[in-house]
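Only one structure is covered here, and it is reproduced in the block below.
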């Protein structure tokens, strides 16, 4: 994993109060983490930083789309993404990122790297099962869907006049003979 300079937020020169930072996240960002599940990404990231004398509060909001393959048809489509992450940055003797919501930086640091948090926030915002919206509303035309429909089991019509198979009747007796 390489360092992402564009996701380093320098806080040492900022006044106490709220500050806003805007970022664009594309597929090269995810490729640098060796994450190849996205075909493309177009995400706008807004980071609201609230600086106080003892700590920093970051609220990261991501909104956009990632192009992924559907788990049912393997067709590519744009999956909308919307995610929010809150992070508190405190200062201590040594770096510590064991807690998901609290980051501890050494006293001499003057900037915070948010790239790992952005990566995790966006990847976790993608649903586990990715289904093309055309499947749900019935508008997707695909060879895969046509083949699935062709191989779908046909409905078996049961008539009331037909007797059941005697082999099944013998098995049913075993359940009642306990």
Residue 63 to residue 165: extension gain in nm, 0.36 nm per residue of separation minus the Cα-Cα distance?
30.9 nm
Among DSSP beta bridges whose residues both lie in the chain, state the antiparallel percentage, nearest 5.
90
Nearest 0.05, what FRET efficiency do residue 107 and residue 143 give at R0 = 45 Å with Cβ-Cβ as r?
0.15
Where does helix 166-176 land angle-wise versus the long Cα axis of the chain, in degrees 0 to 90, nearest 10?
60
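If each residue of separation counts as 0.36 nm, what is the full-extension length gain between residue 6 and residue 35 once their alpha-carbon separation is subtracted? Walk me through the numbers on the way to the answer.
Values: separation 29, 0.36 × 29 = 10.44 nm, distance 1.86 nm.
Contour length minus the Cα-Cα distance gives 8.6 nm.
Under 8 Å for C-alpha pairs, at least 6 residues apart: give me the relative contact order for the chain, rounded to a whole percent. Provide the component values of the computation, followed by the final result.
On the way: 261 pairs, mean separation 31.1, N = 178.
Computed over the chain, the figure is 17 percent.
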Only helical DSSP H runs with n ≥ 4 go in: add -39500 (n - 2.57) per run for the chain, normalise by residue count and round the 222 nm mean residue ellipticity to 500 deg cm²/dmol.
-6500 deg cm²/dmol
Zone of residue 151's modelled label, taken as backbone nitrogen in the range 65-90 under 19 Å from a point 7 Å along Cα→Cβ
70-76
Computed FRET efficiency, Cβ-Cβ of residue 53 and residue 82, R0 35 Å: what is it to the nearest 0.05?
0.60
Looking at [x] 16.5, 51; [y] 18.0, 56; [z] 26.8, 87, which value of Rg and Dmax of the Cα atoms in Å comes from a calculation on the structure shown?
[z]
If you find the alpha carbon centre of the range 9-32 and of the range 109-146, how far apart are they in angstrom?
22
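Between residue 14 and residue 131, what is 0.36 nm times their sequence separation minus the Cα-Cα distance? Round to one decimal in nm.
Numbers: separation 117, 0.36 × 117 = 42.12 nm, distance 4.39 nm.
Length gained between residue 14 and residue 131: 37.7 nm.
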Taking the mean number of other Cβ atoms within 10 Å as a proxy for protection, how do you rank 120-129, 74-83 from highest to lowest?
74-83, 120-129
Rounding to the nearest 10 and keeping the result within 0 to 90°, find how far the Cα-based axis of helix 115-125 lies from the longest principal axis of the chain.
20
Let's test the formula: R0 of 25 Å, r as the Cβ-Cβ distance of residue 71 and residue 120. What FRET efficiency results, to the nearest 0.05?
0.70
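Since every read-out is calculated from the coordinates, none of them should be taken as a lab result. As the structure is a computational prediction, the values presented were derived from the model and not from experiment. Ideal geometry is used to build each Cβ from the backbone, glycine not excepted, and the neighbour counts take in all protein chains shown.
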